[in-house]
Structure formats: C-alpha cells, structure tokens
Amino acid sequence: MKKNKILFLVQLPPPVHGASLMNKLLAESELLNNKYHIDTIPIQLSNKMEGLGNFSLGKIFGACSIYFKLLGKLLFNKYDLVYFTLSPLGFAFYKDAISVCILKIFRKNIVLHLHGKGIKNEIENKLKRRIYKFVFKNVEVIQLAEALKNDIQDIYPKTPYFLPNGVKKNDVVATERTNTIPTFIYLSNLMKDKGILVFLEAIRNLKEYDNQFKVHIVGPSSDVTIEQLEVYISQNKLTNVKLFGPAFNEKKYEHLLKSDVFVLPTYYKNECFPLSILEAYQTGLVVLSTDNGAIPSMVQENKNGFLVPQRDVEALAERMRYLIKNPQQIETIKENNKKEFNEKYTEEIFIHNFETIIDDILAKH
C-alpha cells in the first residue's frame, strides 16, 4: 500500500524543551516512519534556550534558509500533509507565518500543532488579528489540552484536536520510599516565574513545622541563582531545605524517587503542559501546582494533587501544611498518579494518539 507523504516543519533539539523533545519523538518514531514517508525540516533558529524569543540579524538569514529549503521540498515532492509546530508568539510567529503563506500558495493541507499559548492577548491588535486569521484559515489545529481552546477560539471557529504530551518510561526501578517525613521537591530551572521564590516564602511560613518535612531544590541557575538561594536559606534559617543544583536524565529521576510531593508554583506566561508533571506522575509523586496553562486539565484536585492560585504564598503554604498533617493522603494520591501516567502519558500512547489524529485528517482531504 502506498505510504502517505508528510512534511514535518518542527523544532528539534538543541535546545532541549518540551516541544523539541515531543517533535524529536515523533520524527524518529519507528511506528510513524514505517506507516508514513516523513521528510523533516528543522525550523529552530537558536541552539540555546537563552536565544529563544530574541531577535537578531542571524535569525533573518536562518529564516531565509528555511524558506529556501521549504521551497525546494515543495517543488520536487508531492506531500499529502504538512505537519507544522507553529510558534504562537513574537518574531518566531511571523517567521512561521511566512512559511504558512508559502504552503498555502502551493495549496498544501496543513496541520498546525501549538505547544504554546498567548494568542488571545495578541489579537487585541487589529493588524495582528488579521495575520493570525490568515494563518489559521483552512487548516487543522492540534492543541495540548481542551483547557487551551479559548486561546484561539476568536480566530479559529472549528474544533481543534487535543493531544496531551507523553514521556518515555524510565528504566529506574521505583523502590519503596523510606522517608519518615514528607519530602517536597522543586525540580525546574531556578526562575522567578516558575515560582521558586513563592515556594521558599511558603516554606518560611511553615517554620513551626520545619522538623516535620524536608525540601529538595533541584535545577540550574536562571534569573535566580543557586548562590542567591543559599543566602535566602541561610538568612531565614530554613534548615530543612537542601540545594542540589542541576540534574538530568537518570540523576533527575533519582531525585524524584527520593521525594513525595512535586511542587511547581508556576506563573510563567508561556506555561502550557509541563513534562515535569508527567515525570512526577511516573515516579508516583503528589503534584502541587497552579491554575496555569493546561495544568488544570492535568491535575485533578484531591486525585492527583492540588492547584493553588498563581503567586499565592499563603495558599501554597496551606496545601503543604495539609499534606504534612495528612501523610496517608500522600500515599493514596501516589498510587493514583502512577496509574494516571501508565494510562494517559507514556510516549507509546502519545505516538498512537498522534497517529489517530493524522489518519483522521488525511481521511478528510
């Protein structure tokens, strides 16, 4: 049987972030490559996280190179579908909008996969609204969760597809934890917007319980440095807090397996579907996070953990206090989250769900 031919326009690592990891998983999937003929054009313009979102002259030349590659592919190949992980904001959006324009000139069937959010705020400007409407006209759209649907509903009247991310099952065997008191872990970049300072303030508010719980902070310096945290911890005598610095791959899972509650008090404006929450589920951790992005669709109150309002130190401290006093609730939620991961968020499930969506779109055209 003839394979459908699909062109992937996707960000690939480096840099390593949620979207690039998911794109790499799909582009290299043995199942998908056996079923479809996949061509790939990498569309990232920076190899470092620091370069994302910043404009530079070099990016203009990089974008032009992408357009020439795209034109070459379209002139010499007949594609049944173009799968495009469109950047929703900033310079990257306008760069991608030109690629969409080229694809529409060639009358290609397009599916746009959004790994970000923020369009709703952008389209308050009339000119930007027209550009977004052009880009989203006569295309199919995939979003990470239904909770993000309202971000595009003013420019995209159709119902999008919803595809939750998935992560690889780790080979580290989860052993029975021997913690005598709950251990809370923050595992992310040390960023204000990811809530690291909110977390420390909440810990300070729980000083009277400091011998009843432990805190591990794992992650590389960002706009908050490890040295700044050391000073804060020392000044506030947070003796139950331990800093570990960055950890990746197996080391990251080792930290998770020694913990009980994963804390991500994020108010990061581009937060959508944190893979770190899926990693926490896999290792059986309670999740304590915020009502940001698609997180409310990932974390069901009392079943998977708890959500608190963004930047609300007291609400976070109150939930931590509840878990410290009710360790049996931690054990119940842990089992729920292991099951949740295996039923919804493995990479095999992610690839299978992607395949189902692509087949449905191909059947329409």
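Derivation of every value follows stated rules applied to the coordinates shown; laboratory data play no part. Computed from a predicted model, the values in this text were never measured in an experiment. Note: ideal-geometry Cβ built from the backbone for every residue, glycine included; neighbour counts use all protein chains shown.
Evaluate the relative contact order of region 280-352 (contact order divided by residue number), counting alpha-carbon pairs under 8 angstrom at least 6 apart; express in whole percent. Mind showing how you got there, number by number?
Working: 71 pairs, mean separation 28.1, N = 73.
The value is 38 percent.
Test of understanding: in a Gaussian network model of the chain with alpha carbons linked when under 10 Å, which of R204, R107, R130 would top the mean-square fluctuation ranking?
R107
Report the calculated FRET efficiency for V231 and K251 (r = Cβ-Cβ distance, R0 = 35 Å), to the nearest 0.05. The partial results should precede the final answer.
Values: r = 25 Å, r/R0 = 0.72.
Result of the calculation: an efficiency of 0.90.
What area, in nm² and to one decimal, does the C-alpha convex hull of the chain cast on average over all directions? Show your work: numbers first, answer last.
Values: hull surface 76.0 nm².
Mean projected area for the chain: 19.0 nm², to one decimal.
Sort V308, V16 so that the residue with the fewest other Cβ atoms within 10 Å of its own Cβ comes first and the one with the most comes last. Before the final figure, lay out the partial values.
Working: V308 22, V16 11.
Final ranking by Cβ density, sparse to dense: V16, V308.
Please report the relative contact order for the chain, taking Cα pairs under 8 Å with a sequence separation of at least 6, and give it as a percent rounded to a whole number. Walk me through the numbers before you get to the answer.
Values: 600 pairs, mean separation 54.4, N = 365.
Relative contact order of the chain: 15 percent.
Write out the GluC sites (Glu not before Pro) in region 109-143 meeting two conditions: DSSP loop, and at most 11 other Cβ atoms within 10 Å of their Cβ.
Details: sites: E122, E124, E140; in loops: E124.
When the GluC sites (Glu not before Pro) of region 109-143 are filtered for loop state and at most 11 Cβ neighbours within 10 Å, E124 remain.
Given the DSSP H assignment, sum -39500 (n - 2.57) over each helix run of at least 4 residues in the chain and divide by its residue total; what's the result at 222 nm in deg cm²/dmol, nearest 500?
Values: 14 runs with 157 residues, N = 365.
Only helices count here, giving -13000 deg cm²/dmol.
If you average over every viewing direction, what projected area does the convex hull of the Cα atoms of region 67-218 give, in nm²?
Details: hull surface 56.5 nm².
Taking a quarter of the hull surface, the average projection is 14.1 nm².
State, as an integer percentage, the relative contact order of region 219-365 based on alpha-carbon contacts under 8 Å between residues 6 or more apart. Walk me through the numbers on the way to the answer.
Working: 150 pairs, mean separation 27.6, N = 147.
Normalised by residue count, the contact order of region 219-365 is 19 percent.
Quick check on the exposure proxy: order F184, F134, F350 from fewest to most C-beta atoms within 10 angstrom. Write out the running numbers ahead of the final one.
On the way: F184 26, F134 14, F350 22.
Lowest to highest Cβ neighbour count: F134, F350, F184.
Just rank H365, H115, H216, fewest to most, by other beta-carbon atoms within 10 angstrom.
Working: H365 9, H115 23, H216 20.
Going from sparsest to densest Cβ surroundings: H365, H216, H115.
Taking Cα atoms of region 213-311, Rg/Rh with Kirkwood Rh, to two decimals? Write out the running numbers ahead of the final one.
Values: Rg = 14.0 Å, Rh = 14.5 Å.
A ratio of 0.96.
Between region 192-243 and region 1-51, how many Å separate their Cα centres?
37 Å
Given springs between every Cα pair under 10 Å in a Gaussian network model of the chain, which of I105, I277, I217 has the largest fluctuation?
Taking springs between Cα atoms under 10 Å, the residue moving most is I105.
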